[in-house]
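The structure appears below as C-alpha cells.
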C-alpha cells in the first residue's frame, strides 16, 4: 500500500491545502494529513490543534482515503511510526522549492522517506494561511480562499480577538 503524508500547520486550512490533498489522494492509496501540534508555537496559532484537526477532518471528508492526525516532534518520526514512505509538499514558487528541497534532503538522510512535490494550481499560487489571516484581520474578503465553515470560524475568532481575546 502506498501511504503518504501531507504535513503542515493548517492555521487555518485553505483551498490551496485542500487542492494539494485532493491531488495527493489520487496518487496514493492512503494520505494522512498531519498537523504539527508544536506546543512551543501554540500561542502564535489562531486555532488550537484540536480546532485545526476538526476543520481538516471536515475539509477532507470528501476523500475516503484521507485521514487526519496530529503530531508533535519530527515529521520523520511520525512517518516511521506510521509506515509512511512519502511526504507530499505543495510548491507555490521557486522560493518554496529552495526551502523544501533542503528539508526533503534532511528528511531522507534521517529515515527512508521520499518527498513528492506537487505544483500548486495557478489559482492558489499566492495563497498562504498567514496571508488569509492578515487580509481577514483587516476586513478583506477571503471567502474564495477558504471553505465556508473555515470562513465562519475565522471571522468569529478574529472578532473575539478584536473584542479583547475571548476564545483564545
### Query
Going by the conditions given, is residue 33 modelled with pLDDT of 95 or more, in contact with a helix residue (DSSP H, G or I) (Cβ under 8 Å, 6 or more places away or on another chain), closer than 30 Å to residue 151 by Cα and part of a strand (DSSP E or B)?
yes
### Query
Looking at the stretch 59-90, which of its residues are in a strand (DSSP E or B) and surrounded by fewer than 18 Cβ atoms within 10 Å (Cβ to Cβ)?
67, 69, 70
### Message
Which numbered condition in (1) within 23 Å of residue 122 (Cβ to Cβ); (2) under 11 Å from the mean Cα position of the chain (by Cα) is the only one that residue 68 fails?
### Response
(1)
### Message
Looking only at the stretch 31-40, how many residues end up being surrounded by fewer than 18 Cβ atoms within 10 Å (Cβ to Cβ) and either farther than 14 Å from residue 75 by Cα or touching a strand residue (DSSP E or B) at 6+ places or on another chain (Cβ under 7 Å) (or both)?
### Response
2
### Message
Please pick out the residue among 145, 56, 151 that is surrounded by 18 or more Cβ atoms within 10 Å (Cβ to Cβ) and assigned to a loop (DSSP other than H, G, I, E, B).
### Response
145
### Task
Output the qualifying pairs, or none if there are none: Cβ atoms under 6 angstrom, residues six or more apart or on different chains, first residue in the stretch 126-140 and in contact (Cβ under 8 Å) with a residue 40 or more places away in the chain, second residue surrounded by 12 or more Cβ atoms within 10 Å (Cβ to Cβ) and outside any loop (DSSP other than H, G, I, E, B).
127/16
### Query
Looking at residue 117, is it at pLDDT below 95, surrounded by 12 or more Cβ atoms within 10 Å (Cβ to Cβ), touching a strand residue (DSSP E or B) at 6+ places or on another chain (Cβ under 6 Å) and not in a loop (DSSP other than H, G, I, E, B)?
no
### Message
Just to check your reading of the model, which residue among 5, 21, 13 is assigned to a strand (DSSP E or B) and surrounded by 17 or more Cβ atoms within 10 Å (Cβ to Cβ)?
### Response
5
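The values are calculated or read from the model by the stated rules, or taken from the named source; none is laboratory data. Predicted model only: the values in this text are computed from it and were never measured. Cβ sites come from the backbone with ideal geometry, for glycine too, and all protein chains shown count toward neighbours.
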